[in-house]
Amino acid sequence: MELPVASAATASLQCSFLPRHGLLGALGHAGRERRCIKKVLPAKITAKFELKPPPYPLNALEPVMSQETLEYHWGKHHRAYVDNLNRQIEGTDLEEKSLEDIIDTSYNKGDILPAFNNAAQVWNHDFFWESIKPGGGGVPSGDLLRLIERDFGSFPKFVDQFKKAAATQFGSGWAWLAYKANRLNVGNAINPCPSEEDKKLVIVKSPNAVNPLIWDYHPLLAIDVWEHAYFLDFQIRRHEYISMFMDKLVSWEAVSFKLEQAKAQVAEREREDERKRRGEEEETFTPSEATTEEIYPVSDADADAL
Amino acid sequence: MDSSSTGSAKIPLKFELKPPPYPLNALEPVMSERTLEFHWGKHHRTYVDNLNKQISGTNLEGKSLEDVIVASYNNGDTLPTFNNAAQVWNHDFFWECMKPGGGGVPLGDLYHMIDRDFGSFQNFSDQFKKAAATQFGSGWAWLIYENEKLKIAQSPNAVNPLVWNTVPLLTIDVWEHAYYLDYQNRRPDYISVFMDQLVSWDAVSSKLEQAKTGNIAEKHA
């Protein structure tokens, strides 16, 4: 989310008192732009990431997710990822990049660079807090529900699959609902049969810090299944945590909003691809000056032939 | 309790949950009874129960735990039983690595080898702590014996040195469940306390002697 630089510090303070979605609506597309404070020091400009607060007070998810958990999970774990990332990127060429660009660069096609874990975990946790809300749960509606029913058969089937992904991610990691846009991005080959049905909702799980951005998917919903996310409240009972997450925490409004954003981004990409394709076609087709429409007068001889 | 077959002794078809060699409250206040109740009583027990369910009626039934681990590691393309089997083994090993009133420094041959292979006990301790602290996500840090040398290793999730064909001598569990109730996010504190007050150098020395005399090698043969 692009925050005005001058008021970045106060804006993040105000975030906890404003309805997050309203703020997002006002400022447009969230999550993909870098949010940063530029500190102007005598000899050097540094840009640092901030620890973004959840869009609700730390006790707002009680009794399902305790304040104690939020104090540790957000106040210690998430904060440490932010602080460590800032230390890692200081003075490097990553310093001026957006968070998503840092993730992409440091993922390094799987041969991850040191900044990846911290950068991805900052992003993942920002996203996680936005995925839940006090009094969450219930069922989605509108286009989101339609796509869930189309791609999973029914909402209960989706829930079962999502819970299973979250329960079976061995060790630390995440489970996701994501929007996968079908892009055949092979050089100059365009998907010959693009259609709305190709753009699907998918459930994926990932280890440690990995997230669906690296697969060029659009994340819509995340559940953190690192043990630190649920150990204080549920100890070993991960299944119970996952059920409570679905029944009482998930913010379907946030998921719907991210779906709309994803669809808009995909549409924009397609327009861009089309513009590029047209641009390339115009370049390859260069009509020469000598070409004129040739006229073949019909002679009497032709008339005889007919 | 599982063991390799010797003579006509048969390997039981089901693995048992082996208790730690001390009462669950014996590591207080460094590692709380509550942690042991969950970590051993729930996590470790679940790995045992799930493993038994998975191998029942399969050709893994009747194999030693270590054979199940190696077979299901499957050169890295792990089969479903690997995680449970390895975690059963890892936790058996972990409880044995600690004792009430542990810590201090090792003696005898173990001390000499640490000195030789790491420069000093302090160097070893620093490197071991660093391995434990930097294992991102869930996993373990190890002191291992390989080609008559001591080395430090770290592994993710359920992986252990048996799959690298090396001999584990010491481990620390750095899955969050191992320390969250007592230390929350303060993993470095947990690691320091483990080294200062929990590690059983007697157990580590004993495993070193086994490794040197080739007892472990024979077990695998």
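Within the range B:138-152, restricting attention to residues that are outside any loop (DSSP other than H, G, I, E, B) and within 14 Å of chain A (Cβ to nearest Cβ), the residue that is surrounded by the fewest Cβ atoms within 10 Å (Cβ to Cβ) is B:G139. Condition first: within 11 Å of another protein chain (Cβ to nearest Cβ) and surrounded by 22 or more Cβ atoms within 10 Å (Cβ to Cβ). Now tell me which residues in the range A:228-262 satisfy that. Selection gives A:A229, A:Y230, A:F231. Of the residues in the range B:68-81, at least one is β-branched (V, I, T), out of contact with any Phe, Trp or Tyr (no Cβ under 9 Å at 6 or more places or on another chain) and in contact (Cβ under 8 Å) with a residue 60 or more places away in the chain. Annotation: of all residues in the range B:111-137 being under 18 Å from the mean Cα position of the chain (by Cα) and in contact (Cβ under 8 Å) with a residue 40 or more places away in the chain, the one that is surrounded by the fewest Cβ atoms within 10 Å (Cβ to Cβ) is B:A133.
As for the range B:158-173, it holds no residue that is within 14 Å of chain A (Cβ to nearest Cβ), under 13 Å from the mean Cα position of the chain (by Cα) and at positive phi. Being loosely packed, with under 13 Cβ neighbours inside 10 Å and at pLDDT 95 or above is the filter here; which residues of the range A:38-91 pass it? Result: A:P63, A:R87. With A:E240, A:E253 as the choices, which residue is under 23 Å from the mean Cα position of the chain (by Cα) and among the acidic types (D, E)? Within the list A:E240, A:E253, the selection yields A:E253. In this structure, B:S192 does satisfy being on the phi < 0 side of the Ramachandran plot and either within 12 Å of chain A (Cβ to nearest Cβ) or out of contact with any strand residue (DSSP E or B) (no Cβ under 6 Å at 6 or more places or on another chain) (or both).
Criterion applied to B:G119, B:G139 was being within 29 Å of B:P19 (Cα to Cα) and small (G, A, S), and the one residue passing it is B:G139. Here B:W201 clears all of (1) surrounded by 19 or more Cβ atoms within 10 Å (Cβ to Cβ); (2) more than 27 Å from B:Y73 (Cβ to Cβ); (3) without any contact (Cβ under 8 Å) to a residue 60 or more places away in the chain except the condition numbered (3). One residue stands out among those in the range A:94-109 that are over 17 Å from the mean Cα position of the chain (by Cα) and assigned to a loop (DSSP other than H, G, I, E, B): the one that is surrounded by the fewest Cβ atoms within 10 Å (Cβ to Cβ), which is A:E96.
The single residue among B:A71, B:A85 that is within 14 Å of chain A (Cβ to nearest Cβ), within 19 Å of the chain's Cα centre (by Cα) and in a helix (DSSP H, G or I) turns out to be B:A85.
The values are calculated or read from the model by the stated rules, or taken from the named source; none is laboratory data. Everything numeric here is computed off the predicted structure, so don't read it as measured data. All Cβ positions, even for glycine, are placed from backbone atoms using ideal geometry, and neighbour counts span all protein chains on display.
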